[in-house]
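Reviewing the structure listed below.
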Amino acid sequence: MGNVTILVGAQWGDEGKGKWIDILADRVDIVARYQGGNNAGHTLYVDGQKVVLHQIPSGIFHPEKISALATGVVVNPHQLVEEMKKVSHLVTLTPERLWLSARAHVISPWHIHLDGKKETESAQPIGTTKRGIGPTYAEKANRTGLRLGDYVNTAKRERWYATMRLETPGFATHQEVYAAEWKQFDAAAVPLAPYVTDAELLLRRAIAGGLGVLMEGAQGALLDINHGTYPYVTSSETAAGGAFASVGFAPKQIDKIYGVAKAYVTRVGEGPLPTELKDAVGQHIANVGKEFGATTGRPRRCGWLDAVALRYSAEISGYDGIILNKMDILTGLDEIKVCVAYQHPELGRIEDFPWDFEVLAACEPIYKSFPGWTEELPHGGSFKDLPHNAQIYVQGVEDLIKVPVTMVGTGVNRQDAIFK
Ligand code: GDP
Ligand code: IMO
Ligand code: MG
């Protein structure tokens, strides 16, 4: 048995990964983000104080644990420095306990500009976070990107600028017009330099030495570049496989893979969401669940739990357990529905998540109904402390997904966790 745990967002992001990483970090030595950038917004509460982390792993408030950003991550240097300052008020940061991969690619003002321009000008916008994520991964795949280890070296960074000015139309002008942004970008290299290291080597050594490592996913499996609702996806490998690819360790080192799912679904940005509720119930879930993006503040679209999508997510990531989060938001509803299959106008009944977003967009959900509950859910305790109908709902989800629900979330705090 290995000593690596992976925690994946099982839906379209914002499932509550931040809270659960903070809870599970207790059991490990290191927490490592394996993909995404500051498009993520992971919320946790430290002594009652709300903190939203965009780049720093959500185990950071455990002072004795190490945090790492592995190569699959893309880094916005200025934002990272700002986030490190924010976190420093609550916990001490040192290069010994924060490892930034020299291989991770850097998001520059140019990439942010390209993201915004494409979103504004496209006839089919994705609804990105406009944080420059897509263009940075594109540049990485094109082998013309800037890696963190090169960015913190002034001569190498200047060499990248020179190449970009020569080969990329518009880049030189951008640097002239937005000189203040570029100055800020350059300035962040100094405070980051001491933290930049061969994080993958250190992580592999730690794993080989028997330390517990928790891999923190960002976004969600249905936003995966390979397996998600393309093109309405993010630009990285969000599913569990992204962790092996990013850190470069053997899958046989894995102990457990968990998928965090809301007890309903949300999605920010464009793209199909078959169970979306555009009625009073959807509005109720959005209000009670405070469903506004932790990064962009955009309202999240809400709907009933989609078991077809979640089963697919479990298949591509191999969850040992589902963490069914934000169960408390469903309290007080008379009836709770779960989508068990789709009905397509031409293709009929569909039980496997389609590869084609246009097929998915034309699907109507086929629902199974569960009775609601009115009792407040317990803050902690065990599964049998849940109201009877909440237990029936959890069991119903397990039966539909064919994966055990191992934890249930009932509130924003660390203690609002029920272990089965
Ligand atoms: P992440 O991106 O997956 O880390 O999730 P976000 O932080 O973007 O969004 C999850 C939101 O739900 C945050 O505001 C959390 O504070 C909140 N939250 C997390 N778990 C629970 C829960 O079990 N119940 C309730 N009511 N809120 C939760
Ligand atoms: P966390 O980690 C929810 C969505 C965007 C958009 C699509 C592509 O907090 O769960 P991008 O900026 O990545 O190119 O946008 O992905 N998206 C997220 N949705 N939670 C996130 O992160 C997201 N990160 C990106 O809204 O639809
Ligand atoms: Mg989020």
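Could you pull out which residues in region 67-88 have an amide N less than 16 Å from a spot 7 Å beyond the Cα of ARG205, following the Cα-Cβ vector? Residues 67-69 fall inside that zone. In the elastic network of the chain, a GNM with C-alpha springs shorter than 10 Å, the most mobile of GLN175, GLN253, GLN49 is GLN49. Taking each residue as 0.36 nm, the span from LYS420 to GLN395 lengthens on full extension beyond its C-alpha to C-alpha distance by 7.9 nm.
Let me have the 222 nm mean residue ellipticity of the chain computed from DSSP H runs of 4+ only, each contributing -39500 (n - 2.57), with the sum over all residues rounded to the nearest 500.
Working: 15 runs with 137 residues, N = 420.
When only DSSP H runs of four or more count, the value is -9500 deg cm²/dmol.
Label-to-label distance for TYR230 and THR296 is 2.1 nm, based on points extended 7 Å past Cα in the beta-carbon direction. Entry note, the chain: relative contact order of 20 percent, from Cα contacts under 8 Å with a spacing of 6+ residues.
Ranked by the mean number of other Cβ atoms within 10 Å of their residues, highest first, the peptides 177-189, 91-103 come out as 91-103, 177-189. Using the Cβ of GLY297 as centre and a radius below 13 Å, the other residues enclosed give a net charge of +2, where K and R count +1 and D and E count -1. Each of LEU273, LEU192, LEU53 was scored by other Cβ atoms within 10 Å of its Cβ. Listed from fewest to most, they are LEU192, LEU273, LEU53. Angle between the Cα long axis of helix 109-121 and the longest principal axis of the chain, 0 to 90 degrees, nearest 10? Tilt of helix 109-121: around 50 degrees. Compute the FRET efficiency between ALA138 and HIS388 as 1/(1 + (r/R0)^6), taking r as their Cβ-Cβ distance and R0 = 51 Å, and round to the nearest 0.05. Once the sixth-power term is evaluated, E becomes 0.50. Could you tell me which of rounded, prolate or oblate describes region 303-420, using a ≥ b ≥ c as the square roots of the eigenvalues of the alpha-carbon gyration tensor, with rounded for a/c under 1.5 and, failing that, prolate when a/b is larger than b/c and oblate otherwise? It comes out prolate by the Cα gyration axes. Using only Cα atoms, locate the centre of region 300-351 and the centre of region 204-248, then give the distance between them in Å, rounded to an integer. After rounding, the separation between the Cα centres reads 22 Å. Near PRO63: Cβ cut-off under 14 Å, other residues only, Lys/Arg at +1 and Asp/Glu at -1. The net charge is -4. Taking a virtual spin label 7 Å from the Cα of LEU93 along the C-beta vector, which residues in region 290-329 bring their backbone nitrogen under 17 Å of it? Backbone N within reach: none found. If a spin label sat at a point 7 angstrom from the Cα of GLU364 along the line to its beta carbon, the backbone N atoms of region 322-349 nearer than 17 Å would be those of 338-349.
Taking a ≥ b ≥ c as the square roots of the Cα gyration tensor eigenvalues, region 178-256 comes out oblate, since a/c reaches at least 1.5 and a/b does not exceed b/c.
Read the figures in this text as sums done on the coordinates, not as results from a lab. Here the structure is a predicted model, which means the values were calculated and not measured. No Cβ is skipped: glycine too gets one built from the backbone with ideal geometry, and neighbour counts run over all protein chains shown.
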